Amino acid sequence: MSPFAAFVVKETRHILRDRQTLAVLLLLPVVMVLLFGYAIRTDVEDVRVLVADASRDARSQDLTRALASTTALRLVGVVANAGAVEPALRAGEADVALVIGPDFARQLARGTAEVLVVGDGVVPNYAATAQAYVRTVVSQWAAEGGGPPLVRTSVRMRFNPTLASQNLFVPGLLAFVLTLVSALMTAISIAREKERGTMEVLLVSPLRPAQIVVGKVAPYLALAFVNALTTLALAAIVFGVPVRGSVTLLLAASLVYVLASLAIGVLVSSRVPDQRAAMMGVLLGLLMPTLALSGFVFPISSMPGWLQPVTNVVPATWFILVVRGVMLKGAGLAVLWQELAVLCGMALVLLALGARSVNDRIE
Amino acid sequence: MSVPDSSLPVPDLQPAVWARDLTRTFGDFTAVDAITFEVARGEVFGFLGANGAGKTTAMKMLTGLLAPSSGEAWTAGFDVAKDPDAVKRRIGYMSQRFALYDDLTVRENVRFYGGVYGLTNRQIAERTQSLLARLGMERLANDLVGRLPLGWKQKLAFSVALLHEPEVVFLDEPTGGVDPVTRRQFWELIYAAASDGTTVFVTTHYMDEAEYCDRVSIMVAGRIAALGTPAELKRQFGADTMDGVFLQLARPAEEAAP
């Protein structure tokens with residue numbers, strides 16, 4: 001048996017023997033997909049709408065009826081004065097308000113009418129969605145009535161017309177699960193050898209540092225692949241989330257992303273003394289940014305200007321762009337090559353740094 | 001059992017380990033300061049010194065882990081600076097922490113280290129069998145190492161370090177945390193290995209163990225302050241025990257330190 005093969009066999013034995021950890025790792029994507037799919041829904045339902053109608057003509061009342069008959073919206077009142085809007089929002093009696101000016105009918109007759117959709121900025125994500133609902137209803141109403149477009153619907157929603165959050169969380173979740181399995185588990189596994197003193201013996205042995213790193217990483221690569229498939233399959237079967245583009249491209253991008261994460265795991269493990277420090281290092285240094293700065297939980301466009309460039313150094317940012325593109329828009333290499341190139345570049349740099357960090361430790 | 005080697009015309013006359021002016025610096029700090037010594041084949045060589053005296057750094061250079069800053073050292077017939085991989089294949093290593101995997105069985109541990117040192121499957125099977133028989137551990141072969149008592153782990157770790165029949169075995173404080181009776185038994189294993197022709201290079205904190213060595217070197221502040229058989233050193237320093245020799249050497253260095 002070659003030294004490298006012996007090492008991979010040993011690593012695989014460690015993983016298979018620790019049944020509890022293995023079960024957690026295999027069930028993690030299942031739990032996460034179900035949790036995000038059912039519980040942490042960001043869909044907005046039962047939006048309470050207040051209409052401030054200063055015009056009170058046939059057209060404006062028709063529009064109000066259109067709002068009232070939309071399932072996701074609930075009309076909580078119609079007032080004449082726009083001054084009532086702010087107190088109602090402040091009191092939490094309404095989530096969003098539609099303000100129709102006094103000369104609505106005249107403006108419509110002339111060609112362009114303006115309405116104002118006011119949201120409650122205290123809950124920005126919810127408000128933005130609620131506003132979008134109302135705007136959609138208004139523009140649909142305008143289109144049906146043969147009138148001019150009153151409010152332009154945002155183009156971003158074209159690819160997710162129902163604004164279903166299942167469609168949006170899957171790419172981020174994929175990034176999260178892959179990061180967890182590859183970076184965290186690799187860092188812990190290498191730190192364990194240091195903690196127990198076995199790393200010394202491995203370094204004195206004929207095994208080369210690169211072989212040790214690759215041997216550590218290889219089994220987790222396989223595990224991450226299983227996790228990627230589980231996540232995609234569950235999302236498709238349970239929530240009907242589509243993969244509109246090439247599955248091969250998706251898995252190839254996942255592979256590149258996993259390599260980058262594994263390299264970060266190696267980097268972290270070379271700088272910490274034990275498993276606990278490795279865990280903290282990966283949680284704070286990688287998993288938190290992956291959750292908070294990748295656009296998974298918080299939209300990058302709503303971050304402050306100085307923070308937005310920082311999101312560019314988080315590998316997950318690029319991975320999520322690629323996955324969203326492939327899954328939801330059916331985009332191919334022609335569209336996504338830039339994001340993929342950045343991701344590949346990051347993986348290469350991180351792998352080089354990871355390999356060097358292992359050599360540094362010996363020197 | 002010796003590895004065929006064309007680079008050495010008369011291998012048996014070569015010392016198992018030798019160093020000449022071996023030096024390692026880290027920035028301004030000289031961890032190992034021009035040490036020169038030889039270890040003969042089949043010798044049990046004690047490598048002593050207080051913590052921070054440079055023992056670990058010297059050992060890292062001799063095992064091919066760390067490149068020397070200057071001077072040279074040869075281990076098992078190869079230059080540690082030029083051919084560390086050849087050195088690594090021909091030495092065994094065991095540390096205080098035994099380096100066995102608790103979550104693997106006895107057999108799996110042996111198999112792993114056999115594989116790492118490039119033994120064939122048949123060699124691994126044969127040597128596992130004889131190793132288990134020698135240690136009287138046949139019935140424990142499929143038990144997890146984590147369940148073995150410390151003394152058994154230690155013996156197993158030593159036998160595993162010898163599995164690939166290395167020319168030199170480096171033992172880094174191998175008896176730390178083990179009771180005196182078990183330590184005594186362990187030294188019997190060391191003698192058995194030495195009488196088979198394996199050179200044993202051992203560091204220890206226990207001065208009674210220094211008495212068991214054929215020759216002893218004592219490092220103080222990066223230099224070899226004393227080198228000889230235990231009897232010679234005791235005579236030279238006018239001490240009854242190795243403990244007395246060690247204290248005389250180590251104390252001035254500690255007092256001189258800021």
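Do we find that A:LEU348 is closer than 28 Å to A:GLN211 by Cβ, without any contact (Cβ under 8 Å) to a residue 60 or more places away in the chain and either loosely packed, with under 14 Cβ neighbours inside 10 Å or in the same structural domain as A:SER254 (by TED's automatic domain parsing) (or both) in this structure?
Taking the combined requirement at face value, the residue satisfies it.
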Count, please, the residues in segment B:133-158 that happen to be assigned to a helix (DSSP H, G or I) and either in contact (Cβ under 8 Å) with a residue 40 or more places away in the chain or closer than 13 Å to B:GLU108 by Cβ (or both). 8
Over segment B:67-99, the set of residues touching a residue at least 12 places away in the same chain (Cβ under 8 Å), outside any helix (DSSP H, G or I) and either on the phi > 0 side of the Ramachandran plot or facing chain A (nearest Cβ under 8 Å) (or both) is B:ALA67, B:GLY71, B:ALA76, B:GLY77, B:ILE91, B:TYR93, B:MET94, B:SER95, B:GLN96, B:PHE98, B:ALA99
Looking only at segment A:292-304, which residues are surrounded by 17 or more Cβ atoms within 10 Å (Cβ to Cβ) and under 9 Å from the mean Cα position of the chain (by Cα)? A:SER294, A:GLY295, A:PHE296
For the condition β-branched (Val, Ile, Thr) and farther than 16 Å from A:GLY265 by Cβ, what is the one hit in A:VAL313, A:VAL349? A:VAL313
Would you call B:GLY197 surrounded by 17 or more Cβ atoms within 10 Å (Cβ to Cβ), of a type in the set (Gly, Ala, Ser) and in contact with a Gly (Cβ under 7 Å, 6 or more places away or on another chain)? no
How many of the residues making up segment A:196-220 are more than 7 Å from chain B (Cβ to nearest Cβ) and not charged (D, E, K, R)? 13
Assess whether B:VAL80 counts as being touching a Pro at 6+ places or on another chain (Cβ under 9 Å) and crowded, with 23+ Cβ neighbours inside 10 Å. yes
For A:PHE298: the one exception among (1) assigned to a loop (DSSP other than H, G, I, E, B); (2) modelled with pLDDT of 85 or more: (2)
Residues that are of a type in the set (Asp, Glu) and more than 22 Å from B:SER95 (Cβ to Cβ), at least 1 per element: which helices (runs of 4 or more DSSP H) completely within segment B:180-258 meet that? B:230-237, B:242-256
May I ask you to list the residues in segment B:164-185 that are aliphatic (A, V, I, L, M) and without any contact (Cβ under 8 Å) to a residue 60 or more places away in the chain? B:VAL178, B:VAL181
Does A:SER269 count as within 28 Å of A:GLY197 (Cβ to Cβ) and at pLDDT 90 or above? no
Before we move on, is B:GLY64 crowded, with 20+ Cβ neighbours inside 10 Å and at pLDDT below 90? no
Can you give me the number of residues within segment B:113-126 that are facing chain A (nearest Cβ under 7 Å) and either part of a loop (DSSP other than H, G, I, E, B) or touching a residue at least 40 places away in the same chain (Cβ under 8 Å) (or both)? 2
Residues located in segment B:103-112, provided they are in contact (Cβ under 8 Å) with a residue 12 or more places away in the chain and at the interface with another protein chain (Cβ under 8 Å from one of its Cβ atoms): B:ASP103, B:LEU104, B:ARG111
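Yes/no per residue for (1) within 14 Å of another protein chain (Cβ to nearest Cβ); (2) among the hydroxyl-bearing types (Ser, Thr, Tyr); (3) exposed (fewer than 13 other Cβ atoms within 10 Å of the Cβ); (4) within 27 Å of A:GLY240 (Cβ to Cβ):
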position: A:VAL314; (1), (2), (3), (4): no, no, no, no
position: A:VAL335; (1), (2), (3), (4): no, no, no, yes
position: A:ALA352; (1), (2), (3), (4): no, no, yes, no
position: A:VAL358; (1), (2), (3), (4): yes, no, no, no
Residue satisfying all of: in segment A:189-248; buried (at least 19 other Cβ atoms within 10 Å of the Cβ) and among the small types (Gly, Ala, Ser); farthest from A:SER269 (Cα to Cα) among these: A:GLY245
For A:ALA228, state whether it is modelled with pLDDT of 90 or more, part of a helix (DSSP H, G or I) and in contact with a Pro (Cβ under 9 Å, 6 or more places away or on another chain). yes
Apart from one, (1) surrounded by 21 or more Cβ atoms within 10 Å (Cβ to Cβ); (2) more than 10 Å from chain A (Cβ to nearest Cβ) all hold for B:PHE170; the odd one out is (2)
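When you go through A:ARG324, A:ARG271 one by one, which is the residue that is basic (Lys, Arg), assigned by TED's automatic domain parsing to the domain that holds A:GLU195 and buried (at least 21 other Cβ atoms within 10 Å of the Cβ)?
The unique qualifying residue is A:ARG324.
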Count - residues of segment A:81-103 that are surrounded by 13 or more Cβ atoms within 10 Å (Cβ to Cβ) and of a type in the set (Gly, Ala, Ser): 6
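Residues checked against (1) farther than 27 Å from B:PRO149 by Cα; (2) in contact (Cβ under 8 Å) with a residue 24 or more places away in the chain; (3) of a type outside the set (Phe, Trp, Tyr):
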{"residue": "B:TRP187", "(1), (2), (3)": "no, yes, no"}
{"residue": "B:THR198", "(1), (2), (3)": "no, yes, yes"}
{"residue": "B:VAL202", "(1), (2), (3)": "no, yes, yes"}
{"residue": "B:ASP214", "(1), (2), (3)": "yes, yes, yes"}
{"residue": "B:THR229", "(1), (2), (3)": "yes, no, yes"}
{"residue": "B:GLU232", "(1), (2), (3)": "yes, no, yes"}
{"residue": "B:THR241", "(1), (2), (3)": "yes, yes, yes"}
{"residue": "B:PHE246", "(1), (2), (3)": "yes, yes, no"}
What residue, among those in segment A:104-158 that are within 29 Å of the chain's Cα centre (by Cα) and part of a loop (DSSP other than H, G, I, E, B), is modelled with the highest pLDDT? A:ASP120
Just for helices (runs of 4 or more DSSP H) wholly inside segment A:1-96: which have at least 2 residues that are of a type in the set (A, V, I, L, M), without any contact (Cβ under 8 Å) to a residue 12 or more places away in the chain and within 14 Å of chain B (Cβ to nearest Cβ)? A:3-17
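The values are calculated or read from the model by the stated rules, or taken from the named source; none is laboratory data. For clarity, every value in this text was computed on a predicted model and none was experimentally measured. Positions of Cβ are generated from backbone atoms using ideal geometry, with glycine treated the same way; all protein chains shown enter the neighbour counts.
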